[in-house]
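A.B. asks: Before we start, here is the structure in question, set down as structure tokens.
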Amino acid sequence: MIEKRTLAIMAAGLGSRFGSLKQLYSISSNNYSILDYSIFDAISVGFNTIVIIVSKQTLEIFKQRYTSKLPTDITIEFIVQESSILEKKYPERQKPFGTGQALLMLKTTVKNNFALINADDFYGRSAFTLMYNALFSNNNNQHYFIGYKLGNTLSKNGYVSRGECFLNKNNSLRTIIERTQIYKKDQDLFYKNADKSEIEIHEEAIVSMNFWGFTATIFDFAEAEFNLFLNNYGNNNTKEFYIATVVDASINKSTQQFTMLPTDSQWYGVTYEEDAIEVKKRVKKLTNENIYPELLW
């Protein structure tokens, strides 16, 4: 039996700042989205199973788009980020609980090492190569993340949220703290603290763009932390349960390690609709350089 080498993709967000379903927003002349290029990159480096985490509102849209599109030797699966039990217990909640819940939704499907990404972030093939080689080396029981420099992950069109990573001397993660509303003022970068005060942050700070490599042991921590979150914030429609919370718990409550895979690459994404202009230019340039074919499938 061929070993499943899974890339899971978080695509259940509703894109409130973007204004439309940005996970499938066209960035090329052939109507490909960032998600299409991520799937193409993943398959190119060796991933053979794609799991897309969607909302119940968009499940059929994703099924129609991808069920018959990928090469026949690639498995495609869809998971809906919801729970009828949770909906009954927390009726005030109108949207998914966040990236930490998306991670937990994989528990019944994924049993081996796997990678996890956002659907609307353009990571580039080198990031997929780094992660694939790290995850599927022999006897590998570590977790990984791709570490970006904050200055390479900003939007010119508004604030962003990033997980700031603090490392040990051996390049493993010590803690990750979610920084919200990061923005540039003059030549400096700031984020808004919980009390709305401005805190400066350096452009060389290492951040996570939610490109993770996990072993299946992560699910036990995700489940425990999600239960704590629900007890405190189940009916809060704005509070989100982040992957960073799960990662911090697994570091603090066990001996598990998260090793950084560093990159100097420029990240591209569509946090705002205006961001798509820059992404389209980037993809066109990569296509002209034969990094990507005109037709992916």
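The values are calculated or read from the model by the stated rules, or taken from the named source; none is laboratory data. Bear in mind the structure is a predicted one, so any value in this text is a computation, not a measurement. Positions of Cβ are generated from backbone atoms using ideal geometry, with glycine treated the same way; all protein chains shown enter the neighbour counts.
A.B. asks: Mind telling me which of the residues F47, F62, F78 ends up being in contact with a strand residue (DSSP E or B) (Cβ under 9 Å, 6 or more places away or on another chain) and in a strand (DSSP E or B)?
C.D. replies: F78
A.B. asks: Here's a follow-up. Hey, can you tell me all the residues within region 134-189 that are closer than 24 Å to S254 by Cα and under 16 Å from the mean Cα position of the chain (by Cα)?
C.D. replies: Scanning region 134-189 gives H143, Y144, F145, I146, G147, G163, E164, C165, I176, I177, E178.
A.B. asks: Any residue in region 169-188 that is surrounded by 13 or more Cβ atoms within 10 Å (Cβ to Cβ), basic (K, R) and under 25 Å from F136 (Cα atoms)?
C.D. replies: Scanning region 169-188 turns up at least one residue that is surrounded by 13 or more Cβ atoms within 10 Å (Cβ to Cβ), basic (K, R) and under 25 Å from F136 (Cα atoms).
A.B. asks: A further question on this structure: When you go through (1) in a helix (DSSP H, G or I); (2) touching a Lys or Arg at 6+ places or on another chain (Cβ under 8 Å) one by one for F166, which number turns out not to apply?
C.D. replies: (1)
A.B. asks: So D36 passes all but one of these: (1) touching a helix residue (DSSP H, G or I) at 6+ places or on another chain (Cβ under 7 Å); (2) at pLDDT 95 or above; (3) outside any loop (DSSP other than H, G, I, E, B). Which condition number does it fail?
C.D. replies: (1)
A.B. asks: If you check S29 against the conditions, is it surrounded by 15 or more Cβ atoms within 10 Å (Cβ to Cβ) and among the polar types (S, T, N, Q)?
C.D. replies: Considered against the rule, which asks whether it is surrounded by 15 or more Cβ atoms within 10 Å (Cβ to Cβ) and among the polar types (S, T, N, Q), S29 comes out as no.
A.B. asks: Next up: Can you tell me which residue in region 189-204 is surrounded by the most Cβ atoms within 10 Å (Cβ to Cβ), limited to those that are part of a loop (DSSP other than H, G, I, E, B) and in contact (Cβ under 8 Å) with a residue 12 or more places away in the chain?
C.D. replies: Applying the filter and picking the extreme gives E203.
A.B. asks: Please count how many residues of region 129-151 are within 22 Å of E203 (Cβ to Cβ) and either loosely packed, with under 14 Cβ neighbours inside 10 Å or of a type in the set (K, R) (or both).
C.D. replies: 1
A.B. asks: Okay, moving on. I want to confirm something. Restricting to region 79-132 and keeping residues that are free of Cβ contacts under 8 Å to residues at least 40 places away in the same chain and charged (D, E, K, R), which single residue is nearest to T271 (Cα to Cα)?
C.D. replies: E82
A.B. asks: Sticking with this structure for a sec: Of the numbered conditions (1) part of a helix (DSSP H, G or I); (2) surrounded by 17 or more Cβ atoms within 10 Å (Cβ to Cβ); (3) not small (G, A, S), L154 satisfies every one except a single condition; which is it?
C.D. replies: (1)
A.B. asks: State the number of residues belonging to region 264-277 that are crowded, with 18+ Cβ neighbours inside 10 Å and outside any loop (DSSP other than H, G, I, E, B).
C.D. replies: Within region 264-277, residues that are crowded, with 18+ Cβ neighbours inside 10 Å and outside any loop (DSSP other than H, G, I, E, B) number 4.
A.B. asks: Which pairs do you get when a residue that is hydroxyl-bearing (S, T, Y), found in region 278-292, comes within reach of a residue that is part of a loop (DSSP other than H, G, I, E, B), reach meaning Cβ atoms under 8 angstrom, with the pair 6+ apart or on two chains?
C.D. replies: Note: pairs meeting the criteria are T287/S28; T287/P293; T287/E294.
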